[in-house]
Amino acid sequence: MKKSETEQETQTEIEDLSSQRAAQIVSLTGLGLMLVGFLTVLLKQMSLAIPGSASLPVSALVQAAHEPFGLTTMSLGILLLSLVPSLRVLLAEERFIRRREIINILAAGVVLFELFLSIHVGIQV
């Protein structure tokens, strides 16, 4: 019995590390895109203002050829960073489903619903 508890703890630690690694990769990619976009804006000597221009909506990112490269890459970075919490909750939800932890499945489902609802409302505004 003791061995199975230890194995389960080890498996949980491995899953937590893989979830953290995925979040780190997405975060660093987003920050890298934002940095590339910012440097592009600086090198093209575009005017910088505080507050700056808003991030491009997702529909404009799909048609990125019509937008400046710097603004497009910064917007992609912002989008990736905003998806990190959803990614982490989605990975936790998958783990809870595999373990059949009903209460945690429901809680993570509610959190995912709220995250996606807030993203949807944010896109509409």
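The values are calculated or read from the model by the stated rules, or taken from the named source; none is laboratory data. Quick caveat: nothing in here was measured; it's all calculated off a predicted structure. With ideal geometry, Cβ positions are generated from the backbone for all residues, glycine too; neighbour counts draw on all protein chains shown.
Quick look at the numbers
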{"read-out": "Close pairs from the range 10-31: first under 16 Å from SER82 (Cβ atoms), partner small (Gly, Ala, Ser) and part of a helix (DSSP H, G or I), Cβ under 6 Å, at least 6 apart", "value": "GLY30/GLY77"}
{"read-out": "Selection count where residues are among the hydroxyl-bearing types (Ser, Thr, Tyr), within 17 Å of the chain's Cα centre (by Cα) and farther than 21 Å from THR73 by Cβ, scope the range 3-37", "value": "2"}
{"read-out": "Residues satisfying the stated conditions in the range 58-97, i.e. closer than 20 Å to ALA23 by Cβ and of a type in the set (Phe, Trp, Tyr)", "value": "PHE96"}
{"read-out": "Answer residue from the range 69-125, given it is polar (S, T, N, Q) and over 30 Å from THR40 (Cα atoms) and is farthest from the chain's Cα centre (by Cα) among those", "value": "ASN104"}
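Quick grid of which residues meet (1) surrounded by fewer than 16 Cβ atoms within 10 Å (Cβ to Cβ); (2) under 30 Å from GLU94 (Cα atoms); (3) at pLDDT 85 or above:
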{"residue": "THR12", "(1), (2), (3)": "yes, yes, no"}
{"residue": "THR29", "(1), (2), (3)": "yes, yes, yes"}
{"residue": "LEU39", "(1), (2), (3)": "yes, no, yes"}
{"residue": "ILE50", "(1), (2), (3)": "yes, no, no"}
{"residue": "SER55", "(1), (2), (3)": "no, no, no"}
{"residue": "VAL58", "(1), (2), (3)": "yes, yes, no"}
{"residue": "VAL62", "(1), (2), (3)": "yes, yes, no"}
{"residue": "HIS66", "(1), (2), (3)": "yes, no, no"}
